[in-house]
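Here is the structure we will look at, set down as structure tokens.
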Amino acid sequence: MKIDRDEARRIADLAHLEFDDAALDRMAGEMTKILGYIDQLNEVDTIGFEEHGGNEATPMRADEPRSSIDRDGVAANAPKWRDGFFVVPKVIGE
Amino acid sequence: MTDLLDLPFTDARAQVSPRGYVDACLAAIDRHDPKISAFLSVARDAKPSALPIVLKDNIAATELPTTCASRILRNYKSPFDATAVARLRTKGASILGKTNLDEFAMGSSCEHSSIGPTRNPWDTTRVPGGSSGGSAAAVAARMVPAGLGSETGGSVRQPAALCGVVGVKPTYGRVSRWGLVAFASGLDQIGVVTKTVREAAEVLGIVAGHDPLDSTSSTRDVDDYAADLDTGIKGMRFGVVREAIEKLEGEVRANFDAAVAVLRSCGAIVEEVSVPTIGYAIAIYYIVANAEASANLSRFDGIRYGHRSDRAKTLEDVYFESRGEGFGAEVKRRIMLGTFALSSGYYDAYYGRAQRVRAKLRHDFDVAFEKYDFLITPTTPESAFEIGAKTDDPLSMYLNDIFTAPANLIGIPAIAVPSGFDKLGLPLSLQIMAPHFAERAMFRAAAAYERETNFWKRRPPLA
């Protein structure tokens with residue numbers, strides 16, 4: 001599977017990763033090589049094998065309120081914080 | 001004081017006060033870590049304890065930073081403890097510091113840390129392995145008796161192997177993942193590094209157990225892992241994974257054959273068994289793990305914690321630039337691979353296919369475990385390589401996980417035990433895999449092998 005620059009750009013956009021052209025080209029080359037190795041999975045006969053095994057369902061709990069994380073601890077890590085809110089650039093358009 | 005740190009903590013605690021033990025560790029850290037660089041942070045005010053322990057820096061403890069060795073979390077301090085840490089504290093353990101890792105646990109050498117590499121105590125021009133290289137090196141260098149690491153594809157067992165110490169991956173779900181920064185949620189487990197099997201059994205017994213904060217944690221009772229350490233392995237059946245050893249040559253092969261001879265001398269039955277799909281484990285792993293990682297690492301977006309780019313003008317900028325600046329190259333590579341594998345048009349050909357081959361691998365293991373109590377391989381295909389030797393070739397680095405990744409994909413427990421040294425004096429290691437939740441038997445087997453060999457008693461040439 002060959003990854004070219006356009007494909008790498010598409011994936012980088014999905015992943016919200018910024019790359020300059022040189023870094024993107026390097027990444028495309030590395031991904032091509034790694035996916036070349038992974039393509040051997042196509043050799044395997046997987047008739048009878050499903051994507052998801054597992055008979056266990058996610059355990060549920062009663063919907064009871066309980067204490068959450070210490071807010072001061074959260075605020076201390078926030079890049080920008082005001083009055084209990086994370087501050088971010090304007091989202092609603094001009 | 002040096003002699004004290006050569007002892008297992010199970011013996012040392014009878015000889016020294018808790019204050020004396022922690023002080024001895026702190027002194028050893030000051031003496032050795034300048035050459036090893038295992039530590040990212042040290043708790044100078046660590047309280048007295050009969051169990052001084054370190055944590056890989058992707059495991060949360062409130063009094064120390066949790067950086068995952070990433071620029072994107074450079075100043076992050078968790079507001080809560082990992083459950084494993086809370087359990088250790090309840091038993092009187094003291095956290096002495098946080099150890100280096102490949103960034104976000106993505107690597108097999110500790111070279112992908114944004115801070116710099118940790119060095120192998122046996123030869124400081126070589127890697128300690130990864131991603132839990134800091135914890136493995138700290139224990140091997142006799143700075144502390146025990147460390148927690150994390151496993152996704154072998155990241156406790158592989159560095160333990162390269163550093164000549166014991167490394168344990170528990171059954172998936174045996175230890176709570178609450179407070180372990182998620183890489184691949186369906187594979188991740190906290191693991192244990194110590195010099196001896198007995199110590200590992202004790203530490204695992206402390207951290208294991210159901211946690212309501214981790215819905216993937218098992219409600220199964222925790223066994224007494226130390227109960228059968230002296231029982232021996234007479235009549236127990238060990239399967240040598242044929243596909244793992246058939247292309248092995250040289251010292252690693254000779255060392256493995258010698259380990260098999262030791263097991264037989266203890267009365268065990270050792271035979272070859274086929275696990276036909278095992279050769280595809282790395283390919284499966286690098287799709288499944290990276291797919292999960294691409295989802296898990298989307299939370300690092302510059303909004304609530306971690307690095308936010310100064311340049312960012314729009315919300316989109318915050319995401320793209322913070323992540324572009326904050327993540328290292330290997331992390332980006334894995335996010336890209338994972339995003340690709342899950343993207344529309346490729347999901348079935350890559351992620352879906354990998355999951356189906358994984359189901360087949362699980363079937364192969366089920367069949368093998370019908371006949372054998374344990375499956376064994378060397379832990380790694382080679383001893384510690386030189387720093388810089390593999391960083392230009394990501395794929396060659398991935399192939400270090402070739403014997404360890406299967407256990408993570410299947411969810412079974414596995415242990416790496418020192419098995420000797422190569423011509424250069426570098427450690428080699430035997431891996432013992434057991435069925436789900438068979439840790440007690442696994443420790444029994446590992447202890448029997450350790451008792452006959454005692455390789456853990458040789459210490460690295462530290463100044």
Notebook entry, point to check: Residue check, A:Ser68 against (1) farther than 17 Å from B:Tyr351 by Cα; (2) touching a helix residue (DSSP H, G or I) at 6+ places or on another chain (Cβ under 9 Å); (3) among the hydroxyl-bearing types (Ser, Thr, Tyr), all met but one. Which one?
Noted result: (2)
Next item on the list: Could you please tell me which pairs satisfy a Cβ distance under 6 Å, a separation of 6+ or placement on different chains, a first residue in the range A:3-19 that is within 8 Å of another protein chain (Cβ to nearest Cβ), and a second residue that is of a type in the set (Phe, Trp, Tyr) and part of a helix (DSSP H, G or I)?
Entry: A:Ile11/B:Phe340; A:His16/B:Tyr319; A:His16/B:Phe320; A:Glu18/B:Phe320
Next item on the list: Residue by residue through the range B:352-365, note down the ones that are without any contact (Cβ under 8 Å) to a residue 60 or more places away in the chain and either acidic (Asp, Glu) or in contact with a Phe, Trp or Tyr (Cβ under 6 Å, 6 or more places away or on another chain) (or both).
Entry: B:Arg356, B:Ala359
Check: Restricting the first residue to the range B:1-22 and requiring it to be touching a residue at least 60 places away in the same chain (Cβ under 8 Å) and surrounded by fewer than 17 Cβ atoms within 10 Å (Cβ to Cβ), which pairs with a second residue that is assigned to a helix (DSSP H, G or I) and not aromatic (Phe, Trp, Tyr) meet a Cβ separation below 8 Å and a spacing of at least six or different chains?
Finding: B:Thr2/B:Ala28; B:Asp6/B:Lys457
Item checked: Qualifying residues in the range B:327-351 (those that are without any contact (Cβ under 8 Å) to a residue 12 or more places away in the chain and hydroxyl-bearing (Ser, Thr, Tyr)) - the one surrounded by the fewest Cβ atoms within 10 Å (Cβ to Cβ) -> B:Ser344
Notebook entry, point to check: Can you name every residue in the range B:352-380 that is in contact with a Leu (Cβ under 7 Å, 6 or more places away or on another chain) and either facing chain A (nearest Cβ under 8 Å) or at pLDDT below 95 (or both)?
Noted result: B:Arg353, B:Ala354, B:Val357
Next item on the list: List every residue pair whose Cβ atoms sit under 6 Å apart, with the two residues 6 or more apart in sequence or on different chains, where the first one lies in the range B:213-240 and is of a type in the set (S, T, N, Q) and the second, anywhere, is at pLDDT below 95.
Entry: B:Ser215/A:Thr58; B:Ser215/A:Pro59
Item checked: Residue satisfying all of: in the range B:241-252; surrounded by fewer than 20 Cβ atoms within 10 Å (Cβ to Cβ) and touching a residue at least 24 places away in the same chain (Cβ under 8 Å); nearest to A:Val44 (Cα to Cα) among these -> B:Glu243
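For the range B:272-280, indicate whether the set of residues that are closer than 21 Å to B:Met106 by Cβ, of a type in the set (A, V, I, L, M), under 25 Å from the mean Cα position of the chain (by Cα) and modelled with pLDDT of 95 or more is non-empty. Write out each step before concluding.
So in the range B:272-280, the residues closer than 21 Å to B:Met106 by Cβ come out as B:280.
Then drop every residue that is not of a type in the set (A, V, I, L, M), which leaves none.
Within the range B:272-280 (the criterion being closer than 21 Å to B:Met106 by Cβ, of a type in the set (A, V, I, L, M), under 25 Å from the mean Cα position of the chain (by Cα) and modelled with pLDDT of 95 or more), the answer is no, since none of the residues qualifies.
Looking at A:Asp63, is it under 23 Å from B:Ala283 (Cα atoms) and part of a loop (DSSP other than H, G, I, E, B)?
Numbers: under 23 Å from B:Ala283 (Cα atoms): no; part of a loop (DSSP other than H, G, I, E, B): yes.
Spelling it out, it is not the case that A:Asp63 is under 23 Å from B:Ala283 (Cα atoms) and part of a loop (DSSP other than H, G, I, E, B).
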Item checked: Residue list for the range B:112-143, restricted to those being within 30 Å of B:Gly186 (Cα to Cα), of a type in the set (A, V, I, L, M, F, W, C) and assigned to a loop (DSSP other than H, G, I, E, B) -> B:Ile115, B:Val127
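Restricting the range A:25-48 to residues that are under 22 Å from B:Ser322 (Cα atoms) and not hydrophobic (A, V, I, L, M, F, W, C), which is farthest from the other protein chains (Cβ to nearest Cβ)? It would help to see each step written out before you state the result.
Pass one, the range A:25-48, residues under 22 Å from B:Ser322 (Cα atoms): A:25-28.
Next, only the ones that are not hydrophobic (A, V, I, L, M, F, W, C) stay: A:25-26.
On the way: A:Asp25: 13, A:Arg26: 9 Å.
Across the range A:25-48, the extreme among qualifying residues is A:Asp25.
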Check: Right, B:Ala226: within 30 Å of B:Lys423 (Cβ to Cβ), of a type outside the set (Phe, Trp, Tyr) and either at pLDDT 95 or above or in a helix (DSSP H, G or I) (or both) or not?
Finding: no
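Inspect the range B:431-453 for any residue being under 30 Å from B:Ala28 (Cα atoms) and under 16 Å from the mean Cα position of the chain (by Cα) and give the result as yes or no. So that I can check it myself, show each step before the final result.
As a first pass, look at the range B:431-453 and keep what is under 30 Å from B:Ala28 (Cα atoms): B:431, B:443, B:446-447, B:449-453.
From the residues that got through so far, the ones that are under 16 Å from the mean Cα position of the chain (by Cα) too are B:431.
Looking for residues that are under 30 Å from B:Ala28 (Cα atoms) and under 16 Å from the mean Cα position of the chain (by Cα), one finds at least one in the range B:431-453, hence yes.
Here are some residues: A:Val44, A:Val74. Which one is surrounded by 13 or more Cβ atoms within 10 Å (Cβ to Cβ) and closer than 27 Å to B:Met397 by Cβ? Spell out how you get there, then give the answer.
On the way: A:Val74 fails: closer than 27 Å to B:Met397 by Cβ.
Step by step, each of A:Val44, A:Val74 is checked, and only A:Val44 is surrounded by 13 or more Cβ atoms within 10 Å (Cβ to Cβ) and closer than 27 Å to B:Met397 by Cβ.
Check B:Arg304, B:Arg362, B:Arg299 and return the single one that is of a type in the set (Lys, Arg), more than 23 Å from A:Arg10 (Cα to Cα), within 25 Å of the chain's Cα centre (by Cα) and surrounded by fewer than 24 Cβ atoms within 10 Å (Cβ to Cβ).
B:Arg362
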Checklist line | Residues of the range B:51-81 classified as within 22 Å of B:His112 (Cβ to Cβ) and not hydroxyl-bearing (Ser, Thr, Tyr), total | finding: 16
Check: Only one of these conditions is not met by A:Ala22: (1) in a helix (DSSP H, G or I); (2) within 7 Å of another protein chain (Cβ to nearest Cβ). Which number is it?
Finding: (2)
Next item on the list: Hey, can you tell me all the residues within the range B:390-412 that are touching a residue at least 24 places away in the same chain (Cβ under 8 Å) and part of a loop (DSSP other than H, G, I, E, B)?
Entry: B:Lys390, B:Thr391, B:Ile402, B:Phe403, B:Thr404, B:Gly411, B:Ile412
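Pick from B:Ala161, B:Ala105, B:Ala140: which is in contact (Cβ under 8 Å) with a residue 24 or more places away in the chain and either over 20 Å from B:Ile387 (Cβ atoms) or touching a helix residue (DSSP H, G or I) at 6+ places or on another chain (Cβ under 8 Å) (or both)? Talk me through it step by step, then tell me what you get.
On the way: B:Ala161 fails: either over 20 Å from B:Ile387 (Cβ atoms) or touching a helix residue (DSSP H, G or I) at 6+ places or on another chain (Cβ under 8 Å) (or both); B:Ala105 fails: either over 20 Å from B:Ile387 (Cβ atoms) or touching a helix residue (DSSP H, G or I) at 6+ places or on another chain (Cβ under 8 Å) (or both).
Just one listed residue meets the conditions, B:Ala140.
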Notebook entry, point to check: Just a yes or no: is a residue in the range B:277-293 of a type in the set (S, T, N, Q) and under 19 Å from B:Glu151 (Cβ atoms)?
Noted result: yes
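With the structure loaded, tell me whether A:Glu30 is assigned to a helix (DSSP H, G or I), among the acidic types (Asp, Glu) and surrounded by 10 or more Cβ atoms within 10 Å (Cβ to Cβ) or whether it fails that test. Explain how you work it out, then say what you get.
Details: assigned to a helix (DSSP H, G or I): yes; among the acidic types (Asp, Glu): yes; surrounded by 10 or more Cβ atoms within 10 Å (Cβ to Cβ): yes.
For A:Glu30, the condition - assigned to a helix (DSSP H, G or I), among the acidic types (Asp, Glu) and surrounded by 10 or more Cβ atoms within 10 Å (Cβ to Cβ) - is met.
The values are calculated or read from the model by the stated rules, or taken from the named source; none is laboratory data. Predicted model only: the values in this text are computed from it and were never measured. Here the Cβ is made from the backbone with ideal geometry for all residues, glycine too, and neighbour counts use every protein chain on show.
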